[in-house]
Amino acid sequence: MAERTEPVPTVIADEVDIVYRVNGTGSGRGSATAALDRILRRGKAEKASGVRRVHAVKKVSFVAYKGEAIGLIGTNGSGKSTLLKAVAGLLPVENGRIYTNGQPSLLGVNAALMNDLTGERNVHLGGLAMGMSREEVRSRYQEIVDFSGINEKGDFITLPMRTYSSGMAARLRFSIAAAKNHDVLLIDEALATGDRKFQKRSEERIRELRKEAGTVFLVSHNNKSIRDTCERVLWLERGELRMDGPTEEVLEAYEAFTGGAGKRTGK
């Protein structure tokens, strides 16, 4: 009889609070003098210095495991992208802890693209930023370009990134990130770009990443992408984890709550 293997946790969020501090203008002044005044008074109480606290994520707890693809859903401002940034280590938590087993990679940050450089140069720099060796980047270069599809209507890869549409840039970012296997890959709306052909390639690549024992988090307003890609969903609403469970079960409850928003068009 085969021995049963226990699932391996990759991300643990334990009662996580994330708070933004937004500088208010207090007296209504927006000048440099007012900004300098706030800096000089930084050691004083937040209320006195006009700082407003925005509680973006409230007491969120969950455990993610190797091989899972997890969707994050919720209405605008619910804390989805904020939570991803905290998991990636880019935002501090106010209370609670986030534990990660392996290196989280947030799509579009690790593979940052530079507008004045060509797509070709960005593939090389982005691959290095994702932790690939120069040899790995060279060997996977054509695969990355072909996957992105940006050369299907011309030799765009040799042009500066500033000539790209936002969709082309997003597809290239995803293609760079997807060329490497990740412990934890965090994707924010990448599958909403491009045509259905590119979305299907992206979804298939996510399945391959999961087979390599990685964990994928996907933030999307397109419920079809979530259904096609994820078997588990976290639903955040006003910063609170409202539901965590099987994809269809959570999406049905969410669609009932929103009146079907995102069900077909993702809008």
Filter the GluC sites (Glu not before Pro) in the stretch 118-181 to those in DSSP coil with at most 16 other Cβ atoms within 10 Å of their Cβ, and list the result. GLU152
Want the number for GLU136 to GLU252: 0.36 nm per residue separation, take away the alpha-carbon distance, what's left? 37.5 nm
Between ASP155 and ARG207, take the C-beta separation as r, use R0 = 35 Å, and let me know the FRET efficiency to the nearest 0.05. 0.70
What length, rounded to one decimal in nm, is gained on full extension from TYR65 through to GLU120, with 0.36 nm per residue of separation minus their alpha-carbon distance? 16.3 nm
May I ask you to list the residues of the stretch 68-83 whose amide nitrogen lies under 20 Å from a point 7 Å from Cα along the Cα→beta-carbon direction of ARG227? 69-75
Keeping all protein chains in place, calculate the accessible area per residue for the stretch 130-267 (probe 1.4 angstrom), answer in Å². 48 Å²
Counting only DSSP loop positions in the stretch 119-188, the trypsin sites (Lys or Arg not before Pro) whose Cβ has at most 13 other Cβ atoms within 10 Å are LYS153
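Leaving out ligands, DNA and RNA, and with a 1.4 Å probe, what % of the accessible surface on the stretch 50-195 is carbon or sulfur?
47 percent
The values are calculated or read from the model by the stated rules, or taken from the named source; none is laboratory data. All values reported here derive from a predicted model rather than from experimental measurement. Backbone-built Cβ (ideal geometry, glycine too); neighbour counts: all protein chains shown. In case anyone asks, the SASA skips ligands and DNA or RNA and just uses the protein heavy atoms, side chains included. Shrake-Rupley method; radii C 1.70, N 1.55, O 1.52, S 1.80 Å.
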